[in-house]
Amino acid sequence: MAEARGAFNNAIALREDLYLAWFAKGFALGFDEKYTLALEACDKAIELQVNPSRYKYDAYRCKAGALQALQRFEPALDSLNAAIEINPNNSADFLIQGELLYALGQYRGSLESLNKAVELRKIQNLSDSALLYNNRGFVQIELRQYELALEDIETAIRIDPSYTPAWRNKGLVLETVGRNEEALDAYDQATELDPNDYNVWTNKGFVFYKLERYEEAEISLEKALEIKPDYQPAINSLEALRLKIQN
């Protein structure tokens, strides 16, 4: 990527209004996780007068990606919306739009975006996406639409049985509706796929605690803290568990 950035810089030095060079430089910088510099390059590409305007589509997406990585979700959404106005037919854009709206706490808007992404993929005969169905299920958990959430998450698992986040979320929705033994089965599958997921070990600890299986709860929470010693939910839960055992 360093050689690519050098080539883009040379092109820009020869002609500063070269849109493609600015956009490509922004893309390369984003790939290198230099998001502030990527944002500057993509902004420069957007500022240029490019005809037809659809060529700005990638620059707006580039800017949105850099802003999302910097956790500046509102301006990221504005930039992505500008890209969607130019090209409303990319399901990936609606997936990202759903993620940004979720990050902003706009869960119903997020669900609408993810529905649009699913619809576009079907219209365009694209293969089903485990990520998309899992994300939609997670949003439905926030909206307390638990049956629909479980349906989407299980669809994600059918698409890709090795997709750990879907097993984690299946455990979460089952735990939420009180199906604790089934939740443990899902969490077990998640930890088998990814033994270092401290969130899942913590969640397993919660479920074991509710089932009054305190020894197993302690083992799970200790495992979470072995992976991430400063993870506060696991710290708090382990302290509460030990107080419970002592009393």
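Just a few scattered comments:
- Options 85, 99, 47; residue that is of a type in the set (D, E, K, R) and under 14 Å from the mean Cα position of the chain (by Cα): 99
- The residue pairs whose first member lies in segment 214-234 and is without any contact (Cβ under 8 Å) to a residue 60 or more places away in the chain, whose second member is surrounded by fewer than 14 Cβ atoms within 10 Å (Cβ to Cβ) and in a helix (DSSP H, G or I), and whose beta carbons are closer than 8 Å, counting only pairs six or more residues apart or on different chains, are 214/244; 214/245; 218/242; 218/245.
- Selection within segment 167-226 - of a type in the set (S, T, N, Q) and not in a helix (DSSP H, G or I): 196
- Condition met for residue 191 (within 17 Å of the chain's Cα centre (by Cα), β-branched (Val, Ile, Thr) and surrounded by 15 or more Cβ atoms within 10 Å (Cβ to Cβ)): no
- None of 120, 126, 114, 132 is surrounded by fewer than 20 Cβ atoms within 10 Å (Cβ to Cβ), in contact with a Leu (Cβ under 9 Å, 6 or more places away or on another chain), assigned to a helix (DSSP H, G or I) and assigned by the TED database to the domain that holds residue 171 except 120.
- Within segment 82-111, being touching a Phe, Trp or Tyr at 6+ places or on another chain (Cβ under 6 Å) and part of a helix (DSSP H, G or I) holds for 82, 83, 86, 100, 103, 110.
- Subset tally (residues that are at pLDDT below 85 and not in a helix (DSSP H, G or I)) for segment 41-70: 5
The values are calculated or read from the model by the stated rules, or taken from the named source; none is laboratory data. Note that the structure is predicted; figures quoted are calculated from it, not measured. Positions of Cβ are backbone-derived with ideal geometry, glycine not excepted, and every protein chain shown enters the neighbour counts.
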